[in-house]
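Enquirer: Sending over a structure as structure tokens; questions will come in a sec.
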Amino acid sequence: MSTPSAPAGVIRGTVRDAAGAPVAGARVAFAGGPVPLPDVAALTDGEGRFALTAPAAGTYTVVCRAGGATAAARVEVTAAPAAARPEDVRADLRLG
Amino acid sequence: MPQDPHTPVSSDPAAGLLPADGQPVSQPPGTGAGGEPAPGSSTGTEPVEGYELPEAPEADPFAGPVADIGEASFGRPSDPETVHGPDDRVQITNTCVYPWRVHCFLEITAADGSAWLGTGWFIGPHTIATAGHVVHIKNSGVPGRDGWVRSIKVWPGRNGSTVCYGPVVSTSFRSVTGWTANGDENYDYGAIILPTDLGAQTGWFGFGVWSDADLLQVTGNIAGYPADKPYATLWYDARRIDSVGPRKVYYDIDTFGGQSGSSVYRIIGNDRYGIAVHAYGGARVNSGTRITTPVYNNFAAWKA
């Protein structure tokens, strides 16, 4: 949710159900990353969207849960040296 | 004002973080309405039926390659998990009794309207301790998100659809500049001030400052609201403290997103005392902001 310095990227995505409809109120959090991460969880908005801060370059595991269904994705954030703004990375999740 | 990068630092223990006489100091818990809580077990854990303190693995110096020293600061370089090895967490369902009702499920609305989940714990009648990043967002990279959160909805002792108390909505928060200005994880703590004295019913945990040697002998307990479990359910785990830093406590107690702000606490007899505020999931261990003398003094002021 917060990071101690300018982040390397922002992981944006949408959570959808098995039929492809966006899921509001799904819980999305990191299950792993290249550095210690704040232990918060995001709730998706009315269109199923979320945006998580990736503080450093590396591989992140993003998981989501809504009802009894879960989904996970691994995403790579690459550090852009002296980037003016954090890299935007997509991580769309489909609940099983 | 930016700090001078030539500001000297030292490996000696930082002055003023622990009591000068070496003696622990603590604020007492309060149990709220109802009977006395059960005492802790002989291993320093909560007396939860079916729960046993996981065995700490024996360290084997010949088991593998020596870790890069960078891992000490940044964790393992790839794919760490905040649940380490077997998932030892157990669900707590009698959440309407002390000590479980001290733990609060938090729904947070950030400045940009985004919604988040966290955990807090009563330290007084109207004060809930939590992580700094729960009440104030720093360097998110998302326009409009940084700064104090708009509001937090608080449910003490919630168990899924079972609501024991609340919710109470707060828009009054506390933290310190080490977090709000610098985003330094060593200062990642804060508080939620409630508009009511709901804590007089739920009770609260004490908190205290203990030496490194003392903390390294302690079983750390964490209860919180992880997002990988059914919504708004309380989960508990415990383990011996792994290591301590001047402003941090490290432990292999399983946590997950949603548990930021949980109490890392010890049990002495019938009494529960916070020793740190859980904040980060890491590679080998998770970590929280240690209750040092300055943290103690701020918590004492914020609970007044």
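The values are calculated or read from the model by the stated rules, or taken from the named source; none is laboratory data. It should be emphasised that the depicted structure is a prediction, and the values quoted were computed from it without experimental measurement. Don't worry about glycine lacking a Cβ; one is built from the backbone with ideal geometry, like all the others, and counts go over all protein chains shown.
Enquirer: With the requirement that a residue be more than 26 Å from residue B:184 (Cβ to Cβ) and in a strand (DSSP E or B), what does region A:51-87 give you? Don't jump to the end; show me each part of the working.
Expert: Pass one, region A:51-87, residues more than 26 Å from residue B:184 (Cβ to Cβ): A:63-76.
A:63, A:64, A:65, A:66, A:69, A:70, A:71, A:72, A:73, A:74, A:75, A:76, listed by residue number.
Enquirer: Just the residues that are in a helix (DSSP H, G or I) and crowded, with 20+ Cβ neighbours inside 10 Å, please, taken from region B:162-179.
Expert: Step one: list which residues in region B:162-179 are in a helix (DSSP H, G or I), which gives B:177-179.
Hit for region B:162-179 is B:179, nothing else.
Enquirer: Do you know which residues across region A:63-77 are at the interface with another protein chain (Cβ under 10 Å from one of its Cβ atoms) and surrounded by 15 or more Cβ atoms within 10 Å (Cβ to Cβ)?
Expert: A:63, A:64, A:65, A:66, A:70
Enquirer: Just to be sure, is residue B:106 within 13 Å of residue B:192 (Cβ to Cβ), within 14 Å of another protein chain (Cβ to nearest Cβ) and touching a residue at least 60 places away in the same chain (Cβ under 8 Å)?
Expert: Numbers: within 13 Å of residue B:192 (Cβ to Cβ): yes; within 14 Å of another protein chain (Cβ to nearest Cβ): yes; touching a residue at least 60 places away in the same chain (Cβ under 8 Å): yes.
For residue B:106, the condition - within 13 Å of residue B:192 (Cβ to Cβ), within 14 Å of another protein chain (Cβ to nearest Cβ) and touching a residue at least 60 places away in the same chain (Cβ under 8 Å) - is met.
Enquirer: For region B:187-304, which fully contained strands (runs of 3 or more DSSP E) count at least 2 residues that are at pLDDT 95 or above and within 12 Å of chain A (Cβ to nearest Cβ)? Break it down stepwise before answering.
Expert: Working: elements: B:190-193, B:206-209, B:219-224, B:234-244, B:248-251, B:263-268, B:271-281, B:286-290.
Per the criteria, B:219-224, B:248-251, B:271-281, B:286-290.
Enquirer: What is the residue count in region A:33-50 for residues that are of a type in the set (Gly, Ala, Ser) and surrounded by fewer than 24 Cβ atoms within 10 Å (Cβ to Cβ)?
Expert: The first filter runs over region A:33-50 and keeps only residues of a type in the set (Gly, Ala, Ser), leaving A:33, A:41-42, A:46, A:48.
So of that shortlist, the ones also surrounded by fewer than 24 Cβ atoms within 10 Å (Cβ to Cβ) come out as A:46, A:48.
Count: 2.
Enquirer: On to the next question. Inspect all residues belonging to region B:129-139 and state whether any of them is of a type outside the set (Lys, Arg), facing chain A (nearest Cβ under 8 Å) and out of contact with any Phe, Trp or Tyr (no Cβ under 9 Å at 6 or more places or on another chain). Steps first, please.
Expert: The first filter runs over region B:129-139 and keeps only residues of a type outside the set (Lys, Arg), leaving B:129-137, B:139.
Adding the requirement that they be facing chain A (nearest Cβ under 8 Å) leaves B:131-134, B:136-137, B:139.
Next cut, out of contact with any Phe, Trp or Tyr (no Cβ under 9 Å at 6 or more places or on another chain) only: B:139.
Checked against the condition, which is being of a type outside the set (Lys, Arg), facing chain A (nearest Cβ under 8 Å) and out of contact with any Phe, Trp or Tyr (no Cβ under 9 Å at 6 or more places or on another chain), region B:129-139 yields at least one hit.
Enquirer: Does residue B:86 count as away from chain A (no Cβ under 14 Å) and modelled with pLDDT under 95? Spell out how you get there, then give the answer.
Expert: Working: away from chain A (no Cβ under 14 Å): yes; modelled with pLDDT under 95: yes.
For residue B:86, the condition - away from chain A (no Cβ under 14 Å) and modelled with pLDDT under 95 - is met.
Enquirer: When only residues in region A:1-22 that are surrounded by 23 or more Cβ atoms within 10 Å (Cβ to Cβ) and of a type in the set (Val, Ile, Thr) count, which is farthest from the other protein chains (Cβ to nearest Cβ)?
Expert: Restricting to residues being surrounded by 23 or more Cβ atoms within 10 Å (Cβ to Cβ) and of a type in the set (Val, Ile, Thr), the top hit is A:15.
Enquirer: Just one of (1) closer than 23 Å to residue B:304 by Cβ; (2) more than 10 Å from every other protein chain (Cβ to nearest Cβ) trips up residue B:179, so point out which.
Expert: (2) is the only condition that residue B:179 fails.
Enquirer: For residues that are away from chain A (no Cβ under 14 Å) and in contact with a Phe, Trp or Tyr (Cβ under 8 Å, 6 or more places away or on another chain), scanning just region B:140-161, find the one that is surrounded by the fewest Cβ atoms within 10 Å (Cβ to Cβ).
Expert: For region B:140-161, the residue satisfying everything is B:155.
Enquirer: Take region A:34-50 and flag every residue that is part of a loop (DSSP other than H, G, I, E, B), in contact (Cβ under 8 Å) with a residue 24 or more places away in the chain and at the interface with chain B (Cβ under 7 Å from one of its Cβ atoms).
Expert: The answer is A:34, A:40.
Enquirer: Another question about this same structure. For residue B:116, state whether it is over 14 Å from residue B:189 (Cα atoms), of a type outside the set (Gly, Ala, Ser) and either over 14 Å from the mean Cα position of the chain (by Cα) or within 10 Å of chain A (Cβ to nearest Cβ) (or both).
Expert: yes
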